[in-house]
Amino acid sequence: MRISARADYAVRAALELAAAGDDASLKAEALAAAQGIPHKFLEGILGDLRRGGLVTSRRGGNGGYQLARPAAQISLADVIRVADGPLVSVRGVRPPELSYGGPAESLLPVWIAARASVRKVLDEVTLAQVAAAELPAEVQSLTETADAWTNP
């Protein structure tokens, strides 16, 4: 799985909004500065998050962006899907739409399993959990093996 810059920026901006609280509105400039995200790029991402129903926006002096629902009800997967589309694809195709023959036939269940494991983490972890540094125990345990932090 590869997390694009767009998805990374979307999650980081959403986390800033989560940390600000349910009633706070933050301007795009403040979000961009807080996370070191190019402002113009972030504006496009925030537009996608708004159209995807994850954030709302208000104009004016007290305007800005805020989460459309509580951070505990928005998963990382929700944000990534709005920013980038499906969590796992193979050559831009969703795994169930693929078919293989011969010795590659059993490759499809591998792609499906990989997608299921990515979903298990990203669908379960919410913005509120990450913003509060309170990851679910199952997710935290995945980071505790030495090989989790090294690149093969």
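Within the chain, the whole DSSP H helices whose Cα atoms reach 20 Å or more along their own axis and whose mean Kyte-Doolittle score is at least -1.0 are 5-20, 107-122.
From the C-alpha gyration tensor of the stretch 82-139, pull out the three semi-axes of the equivalent ellipsoid (sqrt of 5λ each), sorted largest to smallest, in whole Å. Working shown, then result.
Details: eigenvalues 178, 36, 6 Å².
Values for the stretch 82-139, descending: 30, 13, 6 Å.
Simple point charges give the picture: +1 on the Cβ of Lys and Arg, -1 on the Cβ of Asp and Glu, and for the stretch 1-129 a dipole about the Cα centre of about 240 debye. Computed over protein heavy atoms with a 1.4 Å probe, the accessible surface of the chain works out to 59 Å² per residue. Rg and Dmax, both from the Cα atoms of the chain and both in Å, are 17.5, 63.
Sparse packing (at most 12 other Cβ atoms within 10 Å of the Cβ) combined with a DSSP loop state is found for the following GluC sites (Glu not before Pro) in the stretch 58-152: 105, 134, 144. Taking every C-alpha pair closer than 8 Å and separated by at least 6 residues, the mean separation divided by the residue count of the chain gives a relative contact order of 25 percent. The largest accessible area among 99, 25, 141 belongs to the first residue in 99, 141, 25, and the rest follow in falling order (1.4 Å probe, all chains). The packing ranking of peptides 66-79, 9-22, 34-47, highest mean first, is 9-22, 66-79, 34-47, where packing means the average number of other beta carbon atoms within 10 angstrom of each residue. Nonpolar atom fraction for the chain, defined as the carbon and sulfur part of the 1.4 Å probe accessible area, stands at 53 percent.
The values are calculated or read from the model by the stated rules, or taken from the named source; none is laboratory data. Every value quoted in this text rests on a predicted model; they were computed, and no experiment measured them. FYI the Cβ positions are ideal-geometry reconstructions off the backbone, even for glycines, and counts take in every protein chain you see. Keep in mind that these areas ignore ligands, DNA and RNA; they rest on the heavy atoms of the full protein, side chains included. Shrake-Rupley method; radii C 1.70, N 1.55, O 1.52, S 1.80 Å.
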